[in-house]
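> I have a structure here, written as structure tokens, and I will follow up with some questions on it.
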Amino acid sequence: MTGVEHVRVAIIGSGFSGLGMAIRLKRSGIHDFVVLERAGDLGGTWRDNDYPGCCCDIPSHVYSYSFELNPRWTRGFASQAEILEYLRGTAVKYGVLAHIRFNHEVEEAAWAEAAQCWAVRTTQGRIDAQILVSATGPLSDPSIPRIPGLEGFQGTVFHSARWRHDHDLTGERVAVIGTGASAIQFVPQIQPKVKRLHLFQRTAPWVIPRFDHRITPLEHWLLRWIPFSPAIVRSALYWALEVRVVGFKNPKLMSGAERVARWHLRRQVANPVLRRALTPDYTLGCKRILVSDDYYPALVQANVDLVTDAVKEVRSRSVVTANGTELEIDSIILGTGFKVADSPIAGRIRGRGGRTLAEAWKPSMQAYLGMSVAGFPNLFTMIGPNTGLGHNSMVFMIESQLNYIMGCLETMSARGSGTIEVRQQAQSAFNSEIEAAMKGTVWTAGHCHSWYLDSTGRNSTLWPGWSFRFRARTRRFEPVKYVVS
Ligand code: NAP
């Protein structure tokens, strides 16, 4: 007896992927699993990103599990609080709460060759697992920019994913750095209360109308009582979003959507100088397309100043721009995104020979179907390399991966196998396919820098095409692509 707990599956993270994995295991009659969660609550990115105005930029009816449709969403685009409530309710309903080990941060997970299992060291002790599912998500660790002097700032500074709710911004001079999906949601919320808002824009984003609406009692009634209506609405929304792939694959077709975005800008910003500064200079879709109806109206307010000069340095009570202007600042909010290609968990997972996933992924991350990496037996990375979407619900991709992983577990049980490991050849062939599919898309031909690209300039984050193709590829586990022993 070693005294070390042994489970069949250890899942890292309790966001949409981790909870989805736990629920699928439970529904298949597998109860021998744990979910290791570093925080004291579940929800992943929907727990951490509780900044004012945080809501989903994908319509609510497609942003839920297919097995747990929610006819009760209150808005076309659900708020963070509502999504978190949905995740909590779903975890309770499917009985997975008792499997979650809160405040268990994974410090290291190492493949133990002799025991043929993963030795997972957490902040609260060790657990061995036959299968390890890394479900930490690509948007979990904030990216803090290296700005000279930032550490010495004497005011308040925080990242949008670690919002300081204990700090009142009322009447303050605030600098917001970044104009991505997060910033465009919280800027309209804080603008009315701050004294002065200096918004540092490095690249102007494309913003299209959101057309959000409160779901009426009649709609709720229909969704509740008309058979299959939530599924029909979900399906209609899925296909409406999916057709956008045509534009991603044919950048010239993006000009139609660009016209809509320019019209949106013209309608909401009368000042031609401001409008010019807010007009993007790259093809729409090359970075994430932003949806908002209240971002531009906030920027035209008298207390807002759009700064297009770079931040040169931060001093104890001010921010200095590249042209030498010094702005007195009380608080700095970093809307600067996440560590996507250099996620810290990759440095903590050690496969065969002690090599970390981060080392295997240098200079560019690769995995078979975004899930399996040669040299890392019995490991699945949820929303791993090349499985992100710029156009549709990530829950669809997550559920596709869950189908595949469940198929793998069934195969292992049926064959009495202890380990599976993707063949290097299958992984390389898959990545050559990705490379070929990426050619000519808006991400490679659109001439812009985005978090989709890694330091080599390769798009190692997005799935380059139709999401239903990914669903078809993951429908069944393929033992021939793996060494099953
Ligand atoms: P982001 O899209 O990566 O945006 C980061 C912003 O910070 C960009 O404007 C970037 O400018 C700027 N920036 C980064 N480093 C900088 C520096 N050193 N100096 C000046 N500016 C800098 O991050 P995010 O807004 O947090 O969103 C990340 C992703 O989260 C989104 O793409 C989306 O997938 C997801 N998200 C989803 C929702 C939703 O569904 N509700 C909401 C928020 C976020 P450049 O453009 O020049 O790089």
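The values are calculated or read from the model by the stated rules, or taken from the named source; none is laboratory data. Just so it is clear, the model here is predicted, and its values are computed rather than measured. Glycine gets a Cβ as well: all are built from the backbone with ideal geometry, and neighbour counts include every protein chain shown. Note: accessible area is taken over every heavy atom of the protein model, side chains too, but ligands, DNA and RNA are not part of it. Shrake-Rupley method; radii C 1.70, N 1.55, O 1.52, S 1.80 Å.
> Step by step: find N for segment 305-361, compute 2.2 N^0.38 Å, then divide the Cα radius of gyration by it. What's the final number?
Values: Rg = 18.9 Å, N = 57, 2.2 N^0.38 = 10.2 Å.
Compactness ratio reported: 1.85.
> Let me see the pair-distance distribution of segment 289-332: every alpha carbon pair, 10 Å bin width, integer percents in order.
24, 40, 30, 6
> Where only protein heavy atoms count, and the probe is 1.4 Å, what is the accessible area per residue for segment 264-404 in Å²?
Working: 4980 Å² over 141 residues.
Per residue, segment 264-404 has an accessible area of 35 Å².
> Right, next: Give the Rg/Rh ratio for the chain, taking Rg as the radius of gyration of the Cα atoms and Rh as the Kirkwood radius, to two decimals. Write out the running numbers ahead of the final one.
Numbers: Rg = 23.1 Å, Rh = 23.8 Å.
The Rg/Rh ratio comes out at 0.97.
> Please sort 37-48, 305-316, 145-156 by packing, taking for each peptide the average over its residues of neighbouring beta carbons within 10 angstrom, highest first.
Listed from highest to lowest mean packing, they are 37-48, 305-316, 145-156.
> I would also like to ask the following. With the full set of protein chains in place, find how many percent of the accessible area of the chain is carbon and sulfur; take the probe as 1.4 Å. Before the final figure, lay out each step's value.
Details: 11140 of 20720 Å².
Heavy-atom surface of the chain belonging to carbon and sulfur, 1.4 Å probe: 54 percent.
> Right, here's the next one. Tell me the label-point distance for the pair S455, A277, using the 7 Å Cα-to-Cβ offset, in nm and rounded to one decimal.
Taking the simple label geometry, S455 and A277 are separated by 3.3 nm.
> Next question. I need the per residue convex hull volume for segment 342-485, using only the alpha carbons, in cubic angstrom as a whole number. Intermediate values should be presented prior to the final figure.
Values: hull volume 15.2 nm³, N = 144.
Per-residue hull volume (Cα only) is 106 Å³.
> Note down the relative contact order for segment 1-129 as a percent, whole number, built from C-alpha pairs under 8 angstrom at least six residues apart.
Numbers: 196 pairs, mean separation 38.5, N = 129.
Relative contact order comes out at 30 percent.
> Any cysteines in the chain with zero other Cys Cβ atoms under 4.7 Å from their Cβ? List them, or say none.
Lacking a cysteine Cβ partner under 4.7 Å: C54, C55, C56, C117, C408.
> Also: Going by alpha carbons, how many degrees (0 to 90, nearest 10) lie between the helix axis of 80-93 and the longest principal axis of the chain?
20
> Kirkwood Rh, segment 275-428, all Cα pairs: how many Å?
Working: mean 1/r = 0.0499 Å⁻¹.
Here the Kirkwood hydrodynamic radius works out to 20.0 Å.
> Could you tell me the distance between the Cα centroids of segment 5-45 and segment 443-485, to the nearest Å?
Here the two parts' Cα centres lie 24 Å apart.
> How much accessible area per residue does segment 1-149 have, counting only protein heavy atoms and a probe of 1.4 Å, in square angstrom? Can you show the working numbers first?
On the way: 5720 Å² over 149 residues.
With the other protein chains kept in place, segment 1-149 gives 38 Å² per residue.
> Right, something else. Using Cα-Cα distances under 8 Å and only pairs 6 or more residues apart, what relative contact order does segment 80-190 have, in percent? Walk me through the numbers on the way to the answer.
Working: 59 pairs, mean separation 12.6, N = 111.
The value is 11 percent.
> Let me ask you something else. Treat each spin label as a single point 7 Å out from the Cα along the C-beta direction, and report the E435 to T203 distance in nm.
2.3
> How much length, in nm to one decimal, is gained on full extension between E107 and R146, taken as 0.36 nm per residue of separation minus their Cα-Cα distance?
Numbers: separation 39, 0.36 × 39 = 14.04 nm, distance 2.52 nm.
Once the chain is fully extended between E107 and R146, it gains 11.5 nm.
> Quick check: the angle from helix 229-242's long axis to the longest principal axis of the chain, C-alpha only, nearest 10 degrees?
70
> Over all directions, average the projected area of the Cα convex hull of segment 130-245 and note it in nm². Write down the numbers at each step before the final one.
Values: hull surface 55.3 nm².
So the mean shadow area of the Cα hull is 13.8 nm².
> Sticking with this one: Can you give me the distance in nm between label points at H213 and R267, each placed 7 Å from the Cα along the Cα-to-Cβ direction?
Simple spin-label model gives 1.4 nm for this pair.
> Roughly speaking, what is the stretch gain from R423 to D168, that is 0.36 nm per residue apart minus the C-alpha to C-alpha distance, in nm to one decimal?
Roughly 86.4 nm would be gained on extension.
> Then there is this: Test of understanding: extend the Cα→C-beta vector of H6 to 7 Å, then name every residue of segment 96-129 with backbone N under 17 Å from that spot.
In segment 96-129, the label zone of H6 (backbone N under 17 Å from the point 7 Å along Cα→Cβ) covers 110-121, 126-129.
> Taking a quarter of the surface of the convex hull around the Cα atoms of segment 1-101, what do you get in nm²? The partial results should precede the final answer.
Values: hull surface 28.5 nm².
The number I arrive at for segment 1-101 is 7.1 nm².
> Between the alpha-carbon centers of segment 212-232 and segment 63-129, tell me the distance in whole angstrom.
Their Cα centres are 29 Å away from one another.
> Between 0 and 90 degrees, rounded to the nearest ten: what's the tilt of helix 394-415 against the longest Cα principal axis of the chain?
Helix 394-415 sits roughly 10 degrees off the main axis of the chain.
> In nm, what is the difference between 0.36 nm times the number of residues separating S364 and D128 and their Cα-Cα distance? Intermediate values should be presented prior to the final figure.
Working: separation 236, 0.36 × 236 = 84.96 nm, distance 2.91 nm.
Answer, rounded to one decimal: 82.1 nm.
> Separate question: Once the convex hull of the C-alpha atoms of segment 232-297 is built, how many Å³ does it hold per residue, rounded to a whole number?
Numbers: hull volume 6.7 nm³, N = 66.
Cα convex hull per residue, to the nearest whole number: 101 Å³.
> Anything over 28 Å Cα to Cα? Flag those among K93/K339; K439/K481; K287/K439, in the order listed. All intermediate terms of the calculation are to be shown ahead of the outcome.
Numbers: K93/K339 33 Å; K439/K481 25 Å; K287/K439 16 Å.
In this structure, K93/K339 lie more than 28 Å apart at Cα.
> Mind ordering 460-466, 356-362 by average Cβ neighbours within 10 Å, highest first? Intermediate values should be presented prior to the final figure.
Working: 460-466: 21.9, 356-362: 18.4.
By packing density, highest mean first, the sequence is 460-466, 356-362.
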